[in-house]
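Asker: Questions regarding the structure given below will be posed in turn.
The numbers here are math on the coordinates, done by the rules we state, and not lab data. Everything numeric in this text was worked out from a predicted model, so none of it was measured. No Cβ is skipped: glycine too gets one built from the backbone with ideal geometry, and neighbour counts run over all protein chains shown.
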Amino acid sequence: MIDSLKELINSISSPSFFLTLSIILLGVSLYFKQFWTRRSLGIAAAISGGLFLFSVTDENFREIVAKPDNLPIIALLFLVGFFTWLSLHLAFDNDRRKAAGEPILEKQETLPKTFVWPDLVYIEFIALIVCTVVLIVWSVLLKAPIEEPANPADSPPSTKAPWYFLGLQEMLVYFDPWIAGVVIPSIIVLGLMAIPYIDRDVKGSGYYSFRERRPQILVFLFGFSILWVFLIILGTFFRGPNWNFFGPYEFWDVHKVVLMNNVNLSEFIWVRGMGIGLPRNWLVREIFGIVLLLGYFAVPPYLLARGWFRSYYEKLGINRYLLMMFLLLSMLALPIKMYLLWIFNLKYIVSIPEYFFNI
Amino acid sequence: MWNVGSFLRVEKGFQMAEKSDSKPEITRRGFLSWVRAGWIAFTAAAATGSLSAFRFMFPNVLFEPPQIFKAGFPSEYADGMVDTRWKEKFRVWIVREGNLIYALRSVCTHLGCTPNWLSTEEKFKCPCHGSGFYISGINFEGPAPRPLERVRISLAEDGQILIDQTQIFQQEKGQWSNPESFLII
């Protein structure tokens, strides 16, 4: 019974399944404010804790989860979940207060006030000591996973980046190394720096609120929880030897064979669609991909400026609007490319290996 | 509240007390000569440091395998097999197909990890991001954008195979038709 359940979970597990599931979960949970009450936190903790305890009885699952370098990630995941709940709980609570005409949480007169000295400094000092003790005990109990000396001629079957870079390592499967490893991280950093210049809305400044900052919170949670945290989960617990995908209860077999005959867009069109060979000139060969790529970054901003995003376009002005759209579309490009690869085995939309440009 | 008046008075008293002290006075000229000496010393130290850092780029001994090496006689290589004996030391596979012998660099064309030859699946598989290559070196799965690279292969005077890694042949540039990129025996 239990075994067949595990089999079922393993067989439906795939990156596209988990990504779709997490996007749906995010959307549904933000739609219903009942998700962010204390009771649903208890229910969510009970479900995820129970699921975790049930899974730990499985040998293959335990082997991955109980690795000394994976334990902090598990702890972090529960913390990320809790703090997401906490901030949204306070935000929905404030929305309710505002709707009821009550003062918001941060403006309440009865809010207890404490002094920096000695209260806060003492708390910080105690926290510092507790952290040091925990780190020392941790380092004594769990050994660092040190392996044999590094050898450039021998990459072990399961070669992984540090856990905080696993999102980047996942991206490297979908784009050329310099794009996934240099350009996109730079866009992420610059984009984060550009946020205060794009979003100059003073609403929600200094207090929690969901209703007043719906799009901003949605974009943040999509970019952080899904494109960063989810990819770390995927890389840590589901990517096994040779970067193959493994279900949660699946044995990490080095010799697992996954059919991955990836095809470029140019081959789809020229070879399979038109039945003629690939043109020699790279510009002719990749013209459809290039047009598609340029259209992806040009058409949606134009259409949205006249449609749904009209108010943003009028409020932000052309420069800030285009910058915002470029950042949003770059962010969306990653999951789009992932789905294309997972569903259609599409390798690269534009593939110019002659100039190291593969997207 | 902070008492600004008392603060200023204290400051004043402090200054006067210092003036009456009989410390040796520092003149402007003396101060500048110290600055000059210090600046010269700093520049010299910085220059020495950068010179030694530059010298560090040219080590006395290099613990790297030679780029050109002899890989034994062609008869040592079995037909249809990927020979991994030189991978550890020279990062090269030698493949024999019939009377054709070629040497592939064991460097993934995606990000430079070392792929492994999986004999049961008959493919080179890179563990880092899952790129896969046929025995010929042609990429067919995963993110690697181009085939593995061949290195120069020839016969030495004593009949052994001579591998020269200084010369690389890339399939997508049409260099695999170069007679130096393979060996017919």
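Asker: ³J(HN,Hα) across region A:330-339 via Karplus (A = 6.51, B = -1.76, C = 1.60, θ = phi - 60°), whole Hz, x for Gly/Pro?
Answerer: 4, 5, 6, 4, 5, x, 4, 5, 4, 4
Asker: So how far, in whole Å, is the C-alpha centre of region A:59-89 from the one of region A:126-158?
Answerer: 17 Å
Asker: Can you give me the relative contact order of region B:68-184 as a percent, contacts being Cα pairs under 8 Å and 6 or more apart?
Answerer: This gives 24 percent for region B:68-184.
Asker: If you don't mind, there's one more thing I want to ask. May I ask you to evaluate 6.51 cos²θ - 1.76 cosθ + 1.60, the Karplus curve with θ = phi - 60°, for each residue of region B:159-166 and list the ³J(HN,Hα) values in order in whole Hz, giving x for glycine and proline?
Answerer: x, 7, 6, 10, 9, 10, 7, 6
Asker: Additional query: Tally the DSSP beta bridges in the protein assembly as shown and give the antiparallel ones as a percent, rounded to 5.
Answerer: 95 percent
Asker: May I ask you to list the lysines whose Cα is less than 16 Å away from that of A:Lys315, ignoring any residue fewer than eight positions away on the same chain?
Answerer: Hits, sequence-local ones excluded: A:Lys203.
Asker: Counting only other chains, and only Cβ atoms inside 10 Å, what mean value do you get across the residues of A:111-120?
Answerer: Numbers: counts 0, 0, 0, 0, 0, 0, 0, 0, 0, 0.
Counting other chains' Cβ atoms within 10 Å and averaging over A:111-120 gives 0.
Asker: Give me the distance in nm between label points sitting 7 Å out from Cα along the Cα-to-Cβ direction at B:Thr84 and A:Thr132, one decimal.
Answerer: 4.9 nm
Asker: To continue, here is another question. Across peptide A:248-258, what mean number of C-beta atoms from other chains lies inside 10 Å of a residue's C-beta?
Answerer: 2
Asker: Select from A:Leu332, A:Leu292, A:Leu135 the residue whose mean-square fluctuation is largest in a Gaussian network model of chain A (Cα-Cα springs shorter than 10 Å).
Answerer: Highest fluctuation of the listed residues: A:Leu135.
Asker: Now a separate question. Going Cα to Cα from A:Lys98, which aspartates and glutamates come in below 20 Å? Please leave out same-chain ones fewer than 8 positions away.
Answerer: A:Glu106, A:Glu109, A:Asp201, A:Glu212
Asker: Angle between the Cα long axis of helix B:4-19 and the longest principal axis of chain B, 0 to 90 degrees, nearest 10?
Answerer: 80 degrees
Asker: Do the alpha carbons of any pairs in B:Lys123/B:Lys173; A:Lys160/A:Lys256; A:Lys347/B:Lys173; A:Lys160/B:Lys123; A:Lys143/B:Lys123 sit beyond 24 Å of each other, and which pairs?
Answerer: A:Lys143/B:Lys123
Asker: What's the ranking of A:298-305, B:30-37, B:87-94 by average number of surrounding C-beta atoms within 10 Å, highest first?
Answerer: Values: A:298-305: 14.2, B:30-37: 10.1, B:87-94: 19.6.
Final packing ranking: B:87-94, A:298-305, B:30-37.
Asker: Still on this model: Could you work out the mean count of beta carbons from other protein chains within 10 Å of each residue's beta carbon in B:137-148?
Answerer: Mean number of neighbouring Cβ atoms from other chains: 5.
Asker: Something else about it: Using the Karplus curve 6.51 cos²θ - 1.76 cosθ + 1.60 with θ = phi - 60°, work out ³J(HN,Hα) for each residue of region A:266-282 in order, rounded to whole Hz, and write x for Gly and Pro.
Answerer: So the Karplus estimates, Gly and Pro as x, are 4, 5, 3, 7, 6, 8, 7, x, 8, x, 10, x, 6, x, 6, 6, 5 Hz.
Asker: At q = 0.23 Å⁻¹, work out log10 I(q)/I(0) for region B:68-184 with the Debye formula, treating every Cα as an identical point scatterer and leaving solvent out; two decimals please.
Answerer: Results for region B:68-184 at q = 0.23 Å⁻¹ read -1.41.
Asker: Further question on the same structure: Kindly provide the helix-only [θ] at 222 nm of chain B, computed as the sum of -39,500 (n - 2.57) over DSSP H runs of four or more divided by all residues, to the nearest 500 deg cm²/dmol?
Answerer: The helix-only estimate for chain B comes to -9000 deg cm²/dmol at 222 nm.
Asker: For region A:266-337 and region A:189-228, what is the separation of their Cα centres, given in Å?
Answerer: 24 Å
Asker: Using just the Cα positions, wrap region A:115-261 in a convex hull and report its mean projected area in square nanometres, one decimal place.
Answerer: Projected area, direction-averaged: 15.3 nm².
Asker: With N set to the residue count of region A:1-144, report its C-alpha Rg divided by 2.2 N^0.38 Å to two decimal places.
Answerer: 1.42
Asker: Relative to the longest principal axis of the C-alpha atoms of chain B, give the angle of the C-alpha long axis of helix B:28-56, reported between 0 and 90° and rounded to the nearest 10°.
Answerer: 10 degrees
Asker: After finding the eigenvalues of the alpha carbon gyration tensor for region A:201-359, what semi-axes result from the square roots of 5 times each, listed largest first in whole Å?
Answerer: They are 35, 27, 11 Å, listed from largest to smallest.
Asker: Here is a follow-up. Under 13 Å from the Cα of B:Lys70, which aspartates and glutamates turn up, not counting those fewer than eight places away in the same chain?
Answerer: Correct list for B:Lys70: B:Glu157, B:Asp158, B:Asp164.
Asker: Based on Cα coordinates alone, diagonalise the gyration tensor for the protein assembly as shown, multiply each eigenvalue by 5, take square roots, and list the semi-axes in whole Å, largest first. Walk me through the intermediate numbers first.
Answerer: On the way: eigenvalues 527, 304, 157 Å².
Square roots of five times the eigenvalues give 51, 39, 28 Å.
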